[in-house]
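Taking it in order: structure first as structure tokens, then the write-up.
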Amino acid sequence: MEITKSISSQKLYKSLIIIFLGSIVLTISAKLKIPFYPVPMTMQTFAVLFFGISFGYKIGLGIVGLYLFEGIIGIPVFSNSPEKGVGLIYFMGPTMGYLVGFLIATFLAGYLNLKTNIFMIFIKLTLSVSIIYILGMLWLGSLIGWDKPIFELGAAPFLLAELFKISLLTILTKTILNFRNFI
């Protein structure tokens, strides 16, 4: 009985450390701007999917949930904070739909069976990241008005970068899953 409690406690501590460190990595992925065409690329969506694949949906949701909580309470973790504000005001701005989409994308990347062929992995990861953009554009449209070119503003500039990140993750998924089994 005592051994079971000890193993359980160790697993909990390990999970909490992964969640804390993951939120730091997600913050860094939001702050780094990589030159790309047509707009600079951050690695947030890569990190979000990576966490789901690497640690499963429970720990992945913990990482993204902590990251969002940190941002909501005013820690400048989001991509354009503190330059464009912090806290709940920033969170509820034009990017809120994308940020909420991170949770669903992490869940899908961690929950979907990725032990299939490379083509199916690519499709599943594309579905996961598409949720981010769908929710993002829905929120953006409701915020700035549907008379604006929502797709051109909220998705089109980022599609090439997303294709690159999804392709990279697709190639790495089998290795990541082996790493996941090691943890």
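The values are calculated or read from the model by the stated rules, or taken from the named source; none is laboratory data. Keep in mind the model is a prediction, meaning the values are calculated, not measured. Here the Cβ is made from the backbone with ideal geometry for all residues, glycine too, and neighbour counts use every protein chain on show.
Quick check on Ser29: is it crowded, with 18+ Cβ neighbours inside 10 Å, closer than 21 Å to Thr170 by Cα and without any contact (Cβ under 8 Å) to a residue 24 or more places away in the chain? In short, yes. Filter region 144-183 down to residues that are among the acidic types (Asp, Glu) and assigned to a helix (DSSP H, G or I) and give me whichever is farthest from Thr95 (Cα to Cα). Here the residue is Glu162.
Assessment of region 49-72 against the conditions (out of contact with any Leu (no Cβ under 6 Å at 6 or more places or on another chain) and without any contact (Cβ under 8 Å) to a residue 24 or more places away in the chain) yields at least one matching residue.
Here is a yes/no grid of residues against (1) part of a loop (DSSP other than H, G, I, E, B); (2) crowded, with 19+ Cβ neighbours inside 10 Å; (3) of a type outside the set (A, V, I, L, M, F, W, C):
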site: Lys115; (1), (2), (3): yes, no, yes
site: Phe122; (1), (2), (3): no, no, no
site: Thr126; (1), (2), (3): no, no, yes
site: Ile134; (1), (2), (3): no, no, no
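For region 102-116, the criterion of a residue being within 14 Å of Thr27 (Cα to Cα), touching a residue at least 12 places away in the same chain (Cβ under 8 Å), in contact with a helix residue (DSSP H, G or I) (Cβ under 7 Å, 6 or more places away or on another chain) and of a type outside the set (Asp, Glu) is satisfied by at least one position. Going by the conditions given, is Thr106 surrounded by 16 or more Cβ atoms within 10 Å (Cβ to Cβ), under 18 Å from Leu168 (Cβ atoms) and at pLDDT 90 or above? When the stated conditions are applied, Thr106 passes them.
Against the definition (touching a Lys or Arg at 6+ places or on another chain (Cβ under 8 Å), at pLDDT below 95 and closer than 27 Å to Leu16 by Cβ), how does Leu88 come out, yes or no? When the stated conditions are applied, Leu88 does not pass them.
Exactly one residue out of Thr42, Thr4, Thr27 is at pLDDT below 95 and under 17 Å from the mean Cα position of the chain (by Cα): that is Thr42.
Yes/no matrix, rows are residues, columns are (1) in contact with a His (Cβ under 8 Å, 6 or more places away or on another chain); (2) under 19 Å from Thr173 (Cα atoms); (3) crowded, with 18+ Cβ neighbours inside 10 Å; (4) of a type in the set (Asp, Glu):
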position	(1), (2), (3), (4)
Phe46	no, yes, yes, no
Leu66	no, no, yes, no
Gly74	no, no, no, no
Pro82	no, no, no, no
Leu88	no, no, no, no
Gly97	no, no, yes, no
